[in-house]
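Before any comments, here is the structure.
Every read-out reported here was derived from the displayed coordinates using simple, explicitly stated rules and does not represent laboratory data. Since this is a predicted model, take the numbers as computed values, not measurements. Heads up, the Cβs are rebuilt from the backbone with ideal geometry, glycines too, and the neighbour counts pull from every protein chain shown.
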Amino acid sequence: MEAPAIALLQIEGTNCDEELATALRELGAAPERVHLKQLKGSEVSREERRRLFDYQALLFPGGFSAGDYVRAGSILAAWVRARLGRDLDEFLREGRYVGGICNGFQVLVEMGLLPGRKGTLGPGPVRAALNTNDSNRFECRPTYVRWEGGNFRPLRGTLPAGTVLEMPSAHGEGKLVLAGDPGAEATRLERDGQLLLRWVDPQGRRAGYPWNPNGSVHDIAGITNAEGNVFGLMPHPERSFFPEQLFGWTRGPSPGGLPGGRRFLGAFVETLRRSA
């Protein structure tokens with residue numbers, strides 16, 4: 001079967017894109033690191049230009065895009081909306097996937113694509129933010145998340161709800177806050193199947209710091225839009241892909257036999273392959 005084509009969007013300050021590309025390539029996908037200028041097309045040569053619709057998925061990797069000035073992810077969010085807005089809206093209406101990891105999650109929230117507006121595949125009003133961690137410092141540590149069995153099609157039917165995945169975190173602004181009544185909004189997201197991952201301890205129980213490294217409402221580590229084709233998560237699956245990347249890897253295998261990031265990204269690539 002043809003390898004799924006995945007664009008990894010770059011600008012100045014993004015990183016983790018090479019690690020993500022390595023993981024996706026290992027799974028049989030065809031990732032390409034693509035600069036925003038290449039998709040805009042007006043500032044590069046004809047040979048360097050790329051079309052968004054040549055890809056089955058668009059992923060925003062981690063890092064510090066545009067130096068995270070103003071707010072984390074806000075500048076890249078504004079540039080993407082200004083330069084790719086119409087194409088991105090059509091891309092989503094076709095049911096293609098858009099995802100963000102860490103800084104990429106921040107970008108999608110700033111664009112209004114997460115949590116999005118129920119009943120539409122386009123952006124909604126910006127009703128969430130990823131704020132400074134409660135510890136007021138950058139948190140880089142082993143963390144665990146629990147798949148909550150929501151609308152994210154790649155994990156539905158692949159992982160049982162309640163599956164715990166080890167994925168490390170590295171962020172300074174990862175605290176998810178929601179507009180209005182945060183508790184009620186978090187409950188609504190869960191009811192609508194938009195709660196993707198929760199921070200938990202190694203036994204899969206909800207816990208406070210350091211297992212929740214940022215203080216996010218209801219221990220939320222990742223969400224989707226209502227349709228499940230836009231997703232964002234704060235932990236890094238590409239950093240828990242090979243066994244040697246895991247905390248304590250010399251003491252035994254990961255829960256479930258495979259590293260958490262490999263299980264997550266593997267399910268994603270397999271879904272793209274089946275839908276090609």
If you line up the Cα atoms of the stretch 35-117 on their principal axes, what length do they span on each, largest first, in Å?
33, 29, 19
The chain: longest stretch without exposed GluC sites (Glu not before Pro) (DSSP loop, at most 14 other Cβ within 10 Å), sites themselves excluded?
95-276
Name the residue farthest towards the positive end of the dipole of the stretch 1-80 from the options 57, 77, 7, assuming +1 on Cβ of Lys and Arg, -1 on Cβ of Asp and Glu, about the Cα centre.
77
Using a simple charge model, +1 on the beta-carbon of Lys and Arg, -1 on the beta-carbon of Asp and Glu, nothing else, what dipole does the chain show about its Cα centre, in debye to the nearest 20?
440 debye
Fewest first, what order do 251, 25 take by the number of other Cβ atoms within 10 Å?
251, 25
Checking the cross-link filter: which lysines have an alpha carbon closer than 29 Å to that of residue 175, excluding same-chain neighbours under 8 positions apart?
118
For the stretch 98-114, what does the Karplus curve 6.51 cos²θ - 1.76 cosθ + 1.60, with θ = phi - 60°, yield as ³J(HN,Hα) per residue in whole Hz, taken in order and with x for Gly and Pro?
10, x, x, 10, 6, 4, x, 4, 4, 4, 5, 5, 5, 7, x, 7, 10
Whole-Hz Karplus ³J(HN,Hα) for the stretch 142-151, in order, using 6.51 cos²θ - 1.76 cosθ + 1.60 and θ = phi - 60°, x for Gly and Pro?
x, 9, 10, 10, 10, 5, 9, x, x, 7
Give me the orientation-averaged projected area of the Cα convex hull of the chain, in nm², one decimal.
13.8 nm²
Sequence-separation-based contact order of the stretch 5-275, relative, with Cα cut under 8 Å and 6+ spacing, percent:
18 percent
